[in-house]
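What follows is one structure encoded as structure tokens, with my remarks underneath.
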Amino acid sequence: MHIMMRVTAAAMVLAVAFPSMAADVHRIMARVPAADDIKGWEKQSYPIGNGWFGVNVFGGVADERMQVTENTFHTKGRRYGCNLTNALDIRMRFLGDGHVATNATGYVRSLELETGLSRVSYGVGGVEYTREAFASYLDRVMAVRLVASKKGALSFDLVADTPFLRPFKDGKDAARGRAARVTAHDSEIEVVQHLQYYGIKFYGLLKVVSDGTVAAKGSSLEVRGATEAVVFFSCGTNYRLCPEIFVVGKKRFSMTPDVDKPDAEVAAKVRATVEKAAAKGYAEAKKTHLADFSGMMNRVVLDIPGAEKDADAESRALILALRKKKVPSAYLEETFFQYGRYLLVSSSRPGTLPANLQGVWSGYDEAPWGSGYWHNINVQMNYWPAFITNLAECFEPYAEFNEAFRPITRSLVAGYLERYKLGEMPSAQESPDIWCIGTAVYPYEVCGGPGVHSGPGTGGLTTKLFADWWDYTRDETALRRFIWPVIHGMSDFLCRCVKDVDGKCLSAFSASPEQHDWRMKPKRYYHTVGCAFDQQMIWENNNDLLRLAAVLGTNDAVVAKVKSQIDRYDPVQIGESGQIKEYREEKKYGEIGERHHRHISHLVGLYPGTLINANHPDWMKAAKVALDFRGDKSTGWALAHRMNCRARLGDGDHALKLLRVMLAERTYDNLWDAHPPYQIDGNFGATSAVAEMLLQSQAGFVDLLPALPKDWSSHGSFKGLCARGRLVVDCEWKDGKPVSVTIRGPKGARPDVRFAGAKFDAFNYIEQ
Ligand code: FUC
């Protein structure tokens, strides 16, 4: 993967907005270790990460397990083509009489969100043992510091386990082969792995620095009689993100396992990284990590009333109190909000792959849905909090990934146009950037174009993130390199997807993602013309194109075509039940699609789109009707989408009710979202929803506290949330009303601010 440490100019501006902001600290905490199995991994272990790799810390007493996921280490799955698999289990097996969980006193493990520090501490036989770990983005290492309170009382074996090894085979189980070689010498363990799939080579290096003795025995290290030991770790593969890596339908296999020699370039890079960090030492490496990690986390502070109360409670206890006794915790709510930001900072940084369906964490042989980039809402939801919660640079990995896979989708565009008789495939000269998107994309594969269960609107759902990137940051470099080409190329495609029906431009093939017609037996996806999802998303993309064309002063053939169509998409239709219709042919709600389907694709114009907003009260009313009919019972990410929509409708109480349902019923002890199984999208969607409850800007003005729930209204504040127009907003409220507001933004651009529908002028505007 090419390394590009580019932080956009706008992100820098946002980053320095609050240099001296005091950080609240939020911890996820447990008084028992995570169970050492896949359920313990999913529900209890704590994730740290630096975008390149993620580590799940189990916090065992006799045996600490740190499970490593490298985000390019995909093998072939039986169910899904590509499959992110557990790369490595680092284990620390502690020696000493009675060094077992049953003898441990005062055991506690925690994950501190503002610092990205994982901690474990307990006492055994009168000695206090502590472990602290972090994954540094800038130094590209994990560092773990182990300390005993008594001199020489720390002894352990350091082991690197490579799971799921399989012979390289042809035929039925082809391409699932995996070979590994683990060797130890002096104070290091080297891990070389080779995957049959794509011939991916992995190199990992562990290095121990200790005041005790360190010696190699077999493939592990023996650390003896230490008071302190630091383990540095890094890894990488020969994966390089570029258009050539992607295939459609073809797979590349290697037939001969080769672990005798690592990939020389990767090994040299990893070795240099680990040696540099070891030379720097733990304290300095931690300083570098904190400046980076806390610098990003502390851009946003949320303070809701009553949060201090539960700061020392176990996360599981707070979830159970809500589930069983209906006692909410403001601390849990704040923590869950910040956790979405934590997970994004830990899994998606410039130069890395984007956050996948499980972020950068996979303890599986075969991850659910292969840990892919699922485009019928999941990967988009991953980035919903990026701009509003002041983490714009975390979106860059997706932008680079998307840029790399776009060219190969030309063949899918051609297939689509032919299948639905939508005209000739344009030449490369005529349409240099035309592209399309279906659902699944992996680091090595684009699995197909629109069709089957989702219409071409998926393209608009994807490009909305790019339009937001521009709107929130006004980053002109990003506009020219990423935002304009992606929206322009999508417009070129979408304009060809519509046909004229009674003067309207309707998506000729159309499907509301994953929705079925319940009347059909056997059950199958419902295909139609011009459903709300496709029409709304075509409108969003093409309306964004026109806005950006005006910024860039461009008026080419695609822009002209969009201008001729834009008023004829008819994206919002109201039915006989007063609902926004999912299908043009629907009269009353629920006539066609499943009434309580998890996807609410006919409301994408409300969120993440901007079409359905306060300037159209009739549409807002109909959106509420549609949402009420769909109901509140759903899976993790689907609750999060509903929450964002409730916030956009100005109903903070309903949004908070959904947040509490999610926390009570769809959240594991480690606060990962349960679709189920674990999917990170719900975490991200919940974070954006909380931000949307406090600040919105989609209707041409800054709306303060647009959906503040009663339970949070007595007093509170937020700092550092972003609004469109490169604005950064701080707001303190009392009795539901803003009492102190500061907005930072561009010179001469004092924004139109409103509260509860009325003009709000009492804010301090700082130009920067
Ligand atoms: C979409 C959703 C599913 C699941 C999958 C990864 O297909 O409809 O519920 O989240 O993505």
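Which one of Asn542, Gly575, Val559 is farthest out on the positive end of the charge dipole of region 537-586, using unit charges on Cβ (Lys, Arg +1; Asp, Glu -1) and the Cα centre as origin?
Positive-end residue among those listed: Val559.
Are there GluC sites (Glu not before Pro) in region 388-474 that DSSP puts in a loop and that have at most 10 other Cβ atoms within 10 Å, and which ones? Please report the intermediate quantities before stating the final value.
Working: sites: Glu393, Glu400, Glu403, Glu418, Glu424, Glu430, Glu445; in loops: Glu424, Glu430.
The qualifying sites are Glu424.
Find the Cα radius of gyration of region 412-557, compare it with 2.2 N^0.38 Å by division, and give the number to two decimals. Could you put the intermediate results ahead of the total?
Working: Rg = 15.8 Å, N = 146, 2.2 N^0.38 = 14.6 Å.
The reported ratio for this selection is 1.08.
What does the charge count near Val452 come to, summing +1 for each Lys or Arg and -1 for each Asp or Glu among other residues with Cβ under 13 Å from its Cβ?
Numbers: positive: Arg419, Arg524; negative: Glu514.
Around Val452, the charge tally is +1.
Taking every pair of alpha-carbon atoms in region 117-267, what share in percent sits in each 10 Å bin, from 0 to the bin with the longest distance?
Computed distribution, short to long bins: 11, 30, 29, 18, 10, 2, 0.
Seen from all sides and averaged, what is the projected area of the convex hull of the Cα atoms in region 651-730, in nm²?
Details: hull surface 24.2 nm².
The orientation-averaged projected area of the Cα hull of region 651-730 comes to 6.0 nm².
Hey, if you put +1 on the Cβ of every Lys and Arg and -1 on every Asp and Glu Cβ in the chain, which of Leu708, Leu111, His453 ends up farthest toward the positive end of that dipole?
Comparing the listed Cα positions along the dipole, His453 ranks first.
Among all the aspartates and glutamates, which ones have a C-alpha under 12 Å from Lys581's C-alpha, if same-chain residues fewer than 8 places away are not counted?
Asp570, Glu591
Calculate the translational D of region 263-351 in whole µm² s⁻¹ from Stokes-Einstein, where the hydrodynamic radius comes from the Kirkwood formula applied to all Cα pairs, the temperature is 25 °C and the viscosity 0.890 mPa s.
Details: Rh = 16.3 Å.
In µm²/s, the coefficient rounds to 151.
Please give the charge dipole size of the chain, origin at the Cα centre, charges +1 on K and R Cβ atoms and -1 on D and E Cβ atoms. Round to the nearest 20 debye. Write down the numbers at each step before the final one.
On the way: 94 positive and 89 negative charges, 190 e Å.
Charge dipole of the chain: 920 debye, to the nearest 20.
Excluding Asp651 itself, calculate the net charge of residues whose Cβ lies under 10 Å from the Cβ of Asp651, where each Lys or Arg counts +1 and each Asp or Glu counts -1. Write out the running numbers ahead of the final one.
Working: positive: Lys624, Arg646, Arg648, Lys657; negative: Asp653.
Residues close to Asp651 contribute a combined charge of +3.
How big is the Rg/Rh ratio for region 319-377, C-alpha atoms only, Rh by Kirkwood, two decimals?
Numbers: Rg = 15.3 Å, Rh = 13.8 Å.
Taking Rg over the Kirkwood Rh, I get 1.11.
Using the structure shown, select from Lys624/Lys710; Lys76/Lys521; Lys734/Lys759; Lys499/Lys521; Lys150/Lys276; Lys521/Lys588 the pairs with a Cα to Cα distance greater than 24 angstrom. Mind showing how you got there, number by number?
Details: Lys624/Lys710 19 Å; Lys76/Lys521 34 Å; Lys734/Lys759 18 Å; Lys499/Lys521 29 Å; Lys150/Lys276 29 Å; Lys521/Lys588 21 Å.
Pairs exceeding the cut-off: Lys76/Lys521; Lys499/Lys521; Lys150/Lys276.
Given Cα pairs under 8 Å that are at least 6 residues apart, what percent is the relative contact order of the chain? Working shown, then result.
Working: 1845 pairs, mean separation 91.7, N = 768.
Rounded, it is 12 percent for the chain.
What is the Cα coordinate range of the chain on the first, second and third principal axes, sorted by size from largest, in whole angstrom?
82, 65, 53
Coordinate-derived values only; no laboratory data. Given the structure is predicted, the values throughout are model-derived calculations rather than measurements. Cβ atoms come from the backbone with ideal geometry, glycine included; neighbour counts cover every protein chain shown.
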